[in-house]
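First up is the structure itself, then whatever we jot down about it.
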2 protein chains.
Amino acid sequence: MTASLIALDWGTSNLRAKLLDASGRVLEARSTPGGVMAVRDGRFAEALLALVGDWLQQHNCPLIASGMIGSRQGWREAPYLPCPASLDQAAAALTRIDLPGGHVLTIVPGLRCEGDDGVADVMRGEETQLWGAGLPTGSCCVLPGTHAKWAWVGEGGRIESFQTFMTGELYGLLTQHGILGRLMEFGHADPQAFRAGVRLGLAEHASASHVIFAARTAGLMGTIAPRGLPDYLSGILVGIEIAGATKRGRPQTVTVLGDEALAARYESALQVAGIACRLAPEDATTQGQWLVAQRARLLR
Amino acid sequence: MTASLIALDWGTSNLRAKLLDASGRVLEARSTPGGVMAVRDGRFAEALLALVGDWLQQHNCPLIASGMIGSRQGWREAPYLPCPASLDQAAAALTRIDLPGGHVLTIVPGLRCEGDDGVADVMRGEETQLWGAGLPTGSCCVLPGTHAKWAWVGEGGRIESFQTFMTGELYGLLTQHGILGRLMEFGHADPQAFRAGVRLGLAEHASASHVIFAARTAGLMGTIAPRGLPDYLSGILVGIEIAGATKRGRPQTVTVLGDEALAARYESALQVAGIACRLAPEDATTQGQWLVAQRARLLR
């Protein structure tokens, strides 16, 4: 086997490494909870070599990374590229780190976007995932999660603009630390309560900090059972997100890029909103890293 | 001195007691952090007598309470009155608790409101405060706080409808437990950053979970200094609240009922929104309790 690239998805919580062959196929995959937040005193080189030192020794191949590793809190800041941004532009703007033994790590830049709403926005890692997904011109795409990203794709896969929604973080904060969680019973799926929440969030997204309170009053009034309340709140927040993201222009189809459970949740919510949904392959990140490395002529 | 009523503002965190004379003037005030959440195993009688046992013994007067003490987690549930609700209706629907020694405590009912947005809403304690403030017909009123309440007042001080906004709780969760707090330096007032946040929140309230992310990107991009970010986020959240609360009908004037610091914050935000502002007296609660007790013929 001939390895030609080590592709690193290095985020806040995890470091995921893949060893790729000369045609971009995954030969081996490893991961560790050694995300940016877990690395102490800037010991990024040690963390990296602990995971893939043997790969480097054996194959002596280049490394490419995307994600929060390129942030101010990461190994080295990889300056943001402004939107619209293409894969070619990213490949020409990689940040280079020389490693012991003559090895080289390159970091894909994150993107920034000056929204017409006056809100500057940023992403790190998702741009590579979007390029890897091979989205057609005119696509509208959502990457659900702690900070859900909505992206609009132009010609040649160029990322025209994007917006972040703090849906996942709000759900976590409200249920784990807030008063809404007190009436909830966790661990049960309730698709009906979820869809009811989506309908409410879509209709009343313009009073978001009011409408989330419905996840308390529905409990107090007994209109939704304690075990349905987590999905009700989740639905309200996803509804607020979809209505907000589509308020300047309603897409016919939205492509959902994410893990299976979250993608199914968004599929259901988009259905309530009357928007068609397409699911993208889950591991677009590696494909995107492979394409950037190719375009940057990192591969031998 | 002749005392005629013990008025209790008994909330989640605190128990505040006032001894009133025959014309409703405060003879003496006491408080303790013995709110509903601090009382263990339902020992409400003990908590009450520890604070005002000597008043009862000396004056043998009736007691009236409003606030969370009438909730399901409180001493005894005082069923919600539906809106529109008048002070007279509340006075006719008091919940009675017999205390040792022949003393009687009455609890003012909370209110519920079926919003035309499909969100049921509730309040406990604020209704008494609103009645005590003596608001003219047609008033629109805000009580800022963890769960800010917006109320619309009809003839004779009747509360027509109201809405809760989780502004204070969201600010607390996002800054204390969320990622937004990481870039912030707390303890500095920045009225300019606050007003910039209000403008953004007012304009983009329909994408609330996106626009709060601006409190992160403004920090990342250096457009707002770390010490200005707390007030910037506060402004965004208050802007979202004002725009949401007034989206079905814009009041000419809003009356703000609350402590001085919060009231000043709302005064500034309403000015940015182009809405006139009136400040109501801070201790309307005692006045409201006095009026309910009078109307219920509790006084001797």
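The values are calculated or read from the model by the stated rules, or taken from the named source; none is laboratory data. Every value quoted in this text rests on a predicted model; they were computed, and no experiment measured them. Ideal geometry is used to build each Cβ from the backbone, glycine not excepted, and the neighbour counts take in all protein chains shown.
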Residue check, residue B:132 away from every other protein chain (no Cβ under 13 Å) and touching a helix residue (DSSP H, G or I) at 6+ places or on another chain (Cβ under 6 Å): yes
Which listed residue is more than 19 Å from the chain's Cα centre (by Cα) and modelled with pLDDT under 95, from B:195, B:300, B:199: B:300
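Could you identify the single residue in B:278, B:300, B:227, B:248 that is in contact (Cβ under 8 Å) with a residue 60 or more places away in the chain, more than 14 Å from chain A (Cβ to nearest Cβ) and surrounded by fewer than 20 Cβ atoms within 10 Å (Cβ to Cβ)?
Working: B:278 fails: in contact (Cβ under 8 Å) with a residue 60 or more places away in the chain; B:227 fails: in contact (Cβ under 8 Å) with a residue 60 or more places away in the chain; B:248 fails: more than 14 Å from chain A (Cβ to nearest Cβ).
Result: B:300 is the single residue among B:278, B:300, B:227, B:248 that is in contact (Cβ under 8 Å) with a residue 60 or more places away in the chain, more than 14 Å from chain A (Cβ to nearest Cβ) and surrounded by fewer than 20 Cβ atoms within 10 Å (Cβ to Cβ).
Within region A:209-223, identify whether any single residue is among the aromatic types (Phe, Trp, Tyr), surrounded by 23 or more Cβ atoms within 10 Å (Cβ to Cβ) and over 30 Å from residue B:79 (Cα atoms), and answer yes or no. Lay out the reasoning, then the answer.
Applying the first criterion (among the aromatic types (Phe, Trp, Tyr)) to region A:209-223 yields A:213.
Then keep just the ones that are surrounded by 23 or more Cβ atoms within 10 Å (Cβ to Cβ); that gives A:213.
Retained after the next criterion (residues that are over 30 Å from residue B:79 (Cα atoms)): none.
Looking for residues that are among the aromatic types (Phe, Trp, Tyr), surrounded by 23 or more Cβ atoms within 10 Å (Cβ to Cβ) and over 30 Å from residue B:79 (Cα atoms), one finds none in region A:209-223, hence no.
Residue-by-condition table, conditions (1) at positive phi; (2) at pLDDT 95 or above:
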{"residue": "A:108", "(1), (2)": "no, yes"}
{"residue": "A:116", "(1), (2)": "no, no"}
{"residue": "A:121", "(1), (2)": "no, yes"}
{"residue": "A:125", "(1), (2)": "yes, yes"}
{"residue": "A:128", "(1), (2)": "no, yes"}
{"residue": "A:142", "(1), (2)": "no, yes"}
{"residue": "A:146", "(1), (2)": "no, no"}
{"residue": "A:150", "(1), (2)": "no, yes"}
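Quick check on residue A:291: is it at pLDDT below 95, surrounded by 14 or more Cβ atoms within 10 Å (Cβ to Cβ) and of a type in the set (A, V, I, L, M, F, W, C)? Can you show your working first?
Details: at pLDDT below 95: no; surrounded by 14 or more Cβ atoms within 10 Å (Cβ to Cβ): yes; of a type in the set (A, V, I, L, M, F, W, C): yes.
When the stated conditions are applied, residue A:291 does not pass them.
Return the residues of region B:99-116 that are among the charged types (D, E, K, R) and either in contact with a Leu (Cβ under 8 Å, 6 or more places away or on another chain) or in contact (Cβ under 8 Å) with a residue 60 or more places away in the chain (or both); say none if nothing qualifies.
Filtering region B:99-116 down to residues among the charged types (D, E, K, R) leaves B:112, B:114, B:116.
The answer is B:112, B:116.
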Candidate set: region A:161-186, residues that are among the β-branched types (Val, Ile, Thr) and under 25 Å from the mean Cα position of the chain (by Cα); chosen: the one farthest from the other protein chains (Cβ to nearest Cβ): A:175
Every residue from region B:17-34 that is in contact (Cβ under 8 Å) with a residue 24 or more places away in the chain and surrounded by fewer than 20 Cβ atoms within 10 Å (Cβ to Cβ): B:22, B:24, B:26, B:27, B:28
Residue in region A:77-97 that is modelled with pLDDT of 95 or more and closer than 15 Å to residue A:6 by Cα present: yes
Residue satisfying all of: in region B:187-203; farther than 19 Å from residue B:245 by Cα, away from chain A (no Cβ under 11 Å) and of a type in the set (A, V, I, L, M); surrounded by the most Cβ atoms within 10 Å (Cβ to Cβ) among these: B:193
